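Student: Take this structure, written in structure tokens, and hold onto it; I'll ask about it next.
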Amino acid sequence: MTVYKIAIAGASTLLGQEVRDALLESPLAAAKLLLLDEAEGRGRLEQIGDEVAVVQAIEEESFEHVDFTFFCGSELLTRKYWQKALHAGSTVLDLSGALDQEAGVLVRSPWLGIELDADLFTPAVVPAHPAAVALALLLNHVRQAAPVRQAAATVLQPASEQGRAAMDELHQQTVNLLSFQGIPREVYDAQVAYNLLTGLGESAQVSLGVTEERIRRHTEALSAGRWPMLALQLVQAPVFHGYTFSLSLEFEHPVEIRAIEEALGGEHLDLVLEDTDSPSNLAATGQNEVLVRLRAEKDGRNPTLASRIWLWAASDNLRMSAQNAIACVLDLRRLRPKGSVQ
């Protein structure tokens with residue numbers, strides 16, 4: 001049995017913890033895990049199965065004999081250390097998105113049926129943004145029923161996508177507003193609690209525009225020309241966890257609604273048929289699938305047909321990121337014939 005050594009850089013982040021938990025539930029559960037982080041995360045105790053591990057500081061030799069390194073922290077952390085991991089012989093998986101425009105880096109999700117054409121000279125793989133994966137899954141399944149002519153989506157982003165500090169600020173804003181106190185603005189430089197925003201303050205530590213462009217870029221990379229360019233708008237929602245999506249799709253010609261329903265019942269999707277069980281960010285928490293509800297604009301002459309549909313969907317952003325990254329590693333194992341043999 002081949003046992004890999006896997007490092008998680010940014011192990012104390014929300015995403016790092018999700019990757020750790022997902023690895024323990026995956027075919028890579030026997031891997032030796034190395035938890036790494038910068039100074040603020042160093043010394044934290046993390047549960048790995050029945051054992052407790054200490055998060056270690058990242059050092060020059062941290063990546064020696066590591067087969068795969070997941071970068072789950074900030075873009076700055078990734079840019080600082082990814083070349084060191086690469087030169088040490090580790091396969092780099094960048095979940096921060098810092099490397100998606102580097103030469104030779106691949107943006108991928110194996111769930112979309114595109115072969116991961118990495119080789120020994122591929123510098124890194126970027127598992128696609130979780131919102132892009134969810135949108136691409138919906139578009140890819142629907143196109144099996146009929147060609148899509150136009151596609152437009154509004155994506156509502158949770159605070160957890162920007163990390164623990166963003167979640168803490170949303171929580172404190174909510175508490176302070178209820179007690180008529182001033183609100184903290186270090187992360188967003190805007191009131192996010194009880195609000196919907198398409199832009200943040202000038203001093204915000206995060207950028208909706210940058211994230212929106214990344215989602216658009218990753219969705220296009222996953223499409224491989226199989227559906228038209230997606231019109232996209234990203235909205236910051238006052239929720240802690242889980243993406244929600246409103247997706248409008250127009251077809252070249254009227255399509256059987258039943259055929260669309262069957263297409264949406266495919267792998268990694270959970271079609272919700274009951275109105276009382278509408279997809280939500282809360283319902284999607286802990287789920288591996290994208291929850292989706294279909295509303296069709298029925299043809300006036302034939303109510304079994306529709307030329308346009310609306311999809312309301314939800315997915316667990318952290319879990320989808322982790323599961324997609326692990327799927328990429330399972331594909332990349334063919335390039336790692338070594339490892340320890342037990």
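Student: Do we find that Pro238 is under 28 Å from Pro127 (Cα atoms), surrounded by 21 or more Cβ atoms within 10 Å (Cβ to Cβ) and not assigned by TED's automatic domain parsing to the domain that holds Lys32 in this structure? Write out each step before concluding.
Tutor: On the way: under 28 Å from Pro127 (Cα atoms): yes; surrounded by 21 or more Cβ atoms within 10 Å (Cβ to Cβ): no; not assigned by TED's automatic domain parsing to the domain that holds Lys32: yes.
When the stated conditions are applied, Pro238 does not pass them.
Student: Give segment 177-196 a look and list any residue that's assigned to a loop (DSSP other than H, G, I, E, B), without any contact (Cβ under 8 Å) to a residue 12 or more places away in the chain and not small (Gly, Ala, Ser), or say none.
Tutor: Phe180, Gln181, Ile183
Student: Would you point out the residue of segment 197-220, among those that are assigned to a loop (DSSP other than H, G, I, E, B) and of a type in the set (Gly, Ala, Ser), that is nearest to Gln236 (Cα to Cα)? If you could, list the steps in order and put the result at the bottom.
Tutor: Within segment 197-220, the first condition is being assigned to a loop (DSSP other than H, G, I, E, B), and the residues that meet it are 198-207.
Checking which are of a type in the set (Gly, Ala, Ser) leaves us with 199, 201, 203-204, 207.
Working: Gly199: 8, Gly201: 12, Ser203: 16, Ala204: 13, Ser207: 10 Å.
Here the answer is Gly199.
Student: Shifting gears a bit: Give the residues of segment 164-185 that are surrounded by fewer than 20 Cβ atoms within 10 Å (Cβ to Cβ) and within 24 Å of the chain's Cα centre (by Cα), sorted by residue number. Give the steps one after another, and end with the answer.
Tutor: First pass over segment 164-185, keeping only residues surrounded by fewer than 20 Cβ atoms within 10 Å (Cβ to Cβ): 164-165, 167-168, 171-172, 174-185.
If the condition is that a residue be surrounded by fewer than 20 Cβ atoms within 10 Å (Cβ to Cβ) and within 24 Å of the chain's Cα centre (by Cα), then Arg164, Ala165, Met167, Asp168, His171 are the ones that fit.
To keep it simple, each residue is scored yes or no on (1) modelled with pLDDT under 95; (2) surrounded by fewer than 19 Cβ atoms within 10 Å (Cβ to Cβ); (3) assigned to a loop (DSSP other than H, G, I, E, B); (4) within 22 Å of the chain's Cα centre (by Cα).
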site	(1), (2), (3), (4)
Ile8	no, no, no, yes
Glu18	no, no, no, yes
Gln47	yes, yes, no, no
Glu61	yes, yes, yes, no
Gln83	no, yes, no, no
Ala118	yes, no, yes, yes
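Student: Could I ask something else about it? Do we find a residue being of a type in the set (Asp, Glu), assigned by TED's automatic domain parsing to the domain that holds Ala30 and farther than 26 Å from Ala165 by Cα anywhere in segment 325-333?
Tutor: Just the residues of segment 325-333 that are of a type in the set (Asp, Glu), to begin with: 331.
With the extra rule that they be assigned by TED's automatic domain parsing to the domain that holds Ala30, the set shrinks to 331.
Now restrict to residues that are farther than 26 Å from Ala165 by Cα: 331.
Yes; the residues of segment 325-333 include at least one that is of a type in the set (Asp, Glu), assigned by TED's automatic domain parsing to the domain that holds Ala30 and farther than 26 Å from Ala165 by Cα.
Student: Need at least 1 residues that are crowded, with 16+ Cβ neighbours inside 10 Å, under 14 Å from the mean Cα position of the chain (by Cα) and in contact (Cβ under 8 Å) with a residue 24 or more places away in the chain per element, so show me which strands (runs of 3 or more DSSP E) inside segment 264-319 make the cut, counting only ones lying wholly within it. Talk me through it step by step, then tell me what you get.
Tutor: Numbers: elements: 269-271, 290-298, 305-315.
Where strands (runs of 3 or more DSSP E) fall fully within segment 264-319 and carry at least 1 residues being crowded, with 16+ Cβ neighbours inside 10 Å, under 14 Å from the mean Cα position of the chain (by Cα) and in contact (Cβ under 8 Å) with a residue 24 or more places away in the chain, they are 290-298, 305-315.
Student: Out of all the residues in segment 208-232, which are surrounded by fewer than 16 Cβ atoms within 10 Å (Cβ to Cβ) and either at pLDDT 95 or above or within 10 Å of Ala151 (Cβ to Cβ) (or both)?
Tutor: Hits for segment 208-232 are Gly209, Val210, Glu213, Met229, Ala231.
The values are calculated or read from the model by the stated rules, or taken from the named source; none is laboratory data. Every value quoted in this text rests on a predicted model; they were computed, and no experiment measured them. Because the Cβ atoms are built from the backbone with ideal geometry, glycine has one as well, and the counts that use them run over all protein chains shown.
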